[in-house]
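Below: one structure, written as structure tokens.
The values are calculated or read from the model by the stated rules, or taken from the named source; none is laboratory data. Here the structure is a predicted model, which means the values were calculated and not measured. Don't worry about glycine lacking a Cβ; one is built from the backbone with ideal geometry, like all the others, and counts go over all protein chains shown.
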């Protein structure tokens, strides 16, 4: 029984970690700008495409990985400056539409550059290695992801709680206007938020695409949405919440993917039920349930609406 | 609830209204006449048919996003329901065995006339909207957007589930149902006598849009706008938020469902996997380009969008030579890049879109309220 569940559990934890890295970007941006950055999933995808092209140009790995991360952070920064900053005082809906526009633009640009074909992700020696745990064979990346995710999250939480810029971020997410009155340079804080979010999405993309091995212009959409759900689940604005939410979603989703096999092996079911179809739907059903039952999520703070 | 003004004078038709009616009449006449005289294979008719479909869907989305201020991204999901309902209900009984070849002819063993099926398509979409609206409409702006987006994804997954394949044909195509081309009157040899295949979608879309316009101009419409402008104030004025939001949501979905049925008739086949989030985004962008809060704008930009993407900007996707000089950049996908940039330009610099919140008659009236920066196109 356990041997049947283990591979799904492992890949669930791994995918959960990757979602967590994307979810942090959502939750931080939402915390500060109250904006669902629809383009964040596409930044993640662009990071994957960048890796494909940079490593194809023959640059060695120890240079290409940092290069990808830096460019991805730059992309996040550029998006903020071009598409969100001019709309700072516009109605919420305008910024959201702008975010959707950016997402559409990034996808179409990548479609144009790649010709709409699946791009094979370069294999990164150490993390693509196979390892065997019990009776299950998996890749090194499965084991590295949760560890790396936790390390990065702890670093981020330390940054938020113990540095000046972190304090500024907390202040801005608490009250945008007042923190501006207190002399916090809002634009700098927002820039740092986008850079950190995109950087982590870049790390996530390296781990994710090593697992899935191909990138196409739409590969960012689903992980992006799921990561957003994770962020809502954990309580939007809360970094640890986003991480917990992402792991839960990753694990549940993968268990559902394997549910048919698990049920058959456990003798509970005679035939394939096709539950796999619902592994994506599950995430959104979960979203709707959370929003109704506990809109603030697991660790979210209650917001009061001012008239 | 807001009551209608106690004394409504019978409106006199002013010049602007008459010009508007004349323009609409000419458009319909042209749609009919052109189809009789031009070759049926012309791209123009593809654009007009698809344009009419998208115009309806865009207006239905505008009703929610522009007039009620509910940012919903579930349009593709409701279109999917409409498409499927229409296709399932209208495939002729004799053809069912070949369409549902993996499911022994499927569950439904009757077929309805297209008009009934189109209304039912809308009703099914509205029913789903009601069910999903009960929990979801309590959410605020961006949460609502994500929840409806998620709902559209769930619908798409469920319709492809092979356990309900006897109804939906699993992930296989639904086809052989009546299409726009079937409206053409033919003689025995199959020669077309009168072409109706463009006029009929125009009529369907026209009737539906007229209904939406009447709704917007009714006391309900005023309540919708009040909710959009300030929810709390609207509630304080005695508007029942839950009820009005639900009415807007269900009406919008009804017409999205009808639009879905029209899309099925346009495309000749239905498959769940084509109703992606990208489709919703496209419709949203049509609404934005047209002007959030303008029905005329949505209609115009729907036709512009479809014409550009299917016809005018097609050349961007092929390599072009000017003399011996090969134009750089042009290859597959460039059209969409140009498109995206236009859209970003509209979103960032012309936030009012083509029409802002004006309607067609407003263009012929004195410009006393138009001193906005969005009033760039007349």
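Filtering segment A:103-116 to residues that are more than 7 Å from chain B (Cβ to nearest Cβ) and farther than 18 Å from residue A:57 by Cβ leaves A:103, A:106, A:107. Exactly one residue out of B:316, B:329 is more than 24 Å from residue B:292 (Cβ to Cβ), more than 8 Å from chain A (Cβ to nearest Cβ) and touching a helix residue (DSSP H, G or I) at 6+ places or on another chain (Cβ under 7 Å): that is B:316. Looking at A:247, A:278, A:284, which is the one that is over 25 Å from residue A:150 (Cβ atoms) and under 19 Å from the mean Cα position of the chain (by Cα)? The unique qualifying residue is A:284. Annotation note: of A:66, A:91, the sole residue that is over 17 Å from the mean Cα position of the chain (by Cα) and more than 14 Å from chain B (Cβ to nearest Cβ) is A:66.
Of all residues in segment A:160-181, those being at pLDDT 90 or above and surrounded by fewer than 13 Cβ atoms within 10 Å (Cβ to Cβ) number 6.
In segment B:340-356, what residues are more than 7 Å from every other protein chain (Cβ to nearest Cβ) and surrounded by 17 or more Cβ atoms within 10 Å (Cβ to Cβ)? Scanning segment B:340-356 gives B:346, B:350, B:352, B:353, B:354, B:355, B:356. Looking at A:216, A:160, just one residue is in contact with a helix residue (DSSP H, G or I) (Cβ under 7 Å, 6 or more places away or on another chain) and farther than 18 Å from residue A:12 by Cα, and that residue is A:160. Those helices (runs of 4 or more DSSP H) of segment A:210-297 in which at least 3 residues are at pLDDT 85 or above, under 24 Å from residue A:193 (Cβ atoms) and at the interface with chain B (Cβ under 10 Å from one of its Cβ atoms), considering only elements entirely within it, cover A:221-234.
Selection of segment B:153-170 for residues being at the interface with another protein chain (Cβ under 9 Å from one of its Cβ atoms) and in a helix (DSSP H, G or I) yields B:153, B:154, B:155, B:156, B:157, B:158, B:162, B:163. Would you say residue A:60 is surrounded by fewer than 19 Cβ atoms within 10 Å (Cβ to Cβ), free of Cβ contacts under 8 Å to residues at least 40 places away in the same chain and within 12 Å of another protein chain (Cβ to nearest Cβ)? So residue A:60 does not fit the description; no. Residue-level check: of (1) touching a residue at least 12 places away in the same chain (Cβ under 8 Å); (2) more than 14 Å from chain B (Cβ to nearest Cβ); (3) farther than 18 Å from residue A:209 by Cα, residue A:154 misses just (1).
One line per residue, one yes/no per condition, for (1) under 24 Å from residue B:247 (Cβ atoms); (2) within 16 Å of the chain's Cα centre (by Cα):
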| position | (1), (2) |
| --- | --- |
| B:94 | no, no |
| B:102 | no, no |
| B:112 | no, no |
| B:118 | yes, yes |
| B:127 | yes, no |
| B:131 | yes, no |
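Of all residues assigned to segment A:48-55, none qualifies as being under 16 Å from residue A:245 (Cβ atoms) and crowded, with 24+ Cβ neighbours inside 10 Å. Among the helices (runs of 4 or more DSSP H) confined to segment B:46-140, the ones with at least 3 residues that are under 20 Å from residue B:274 (Cβ atoms) are located at B:75-90, B:114-136.
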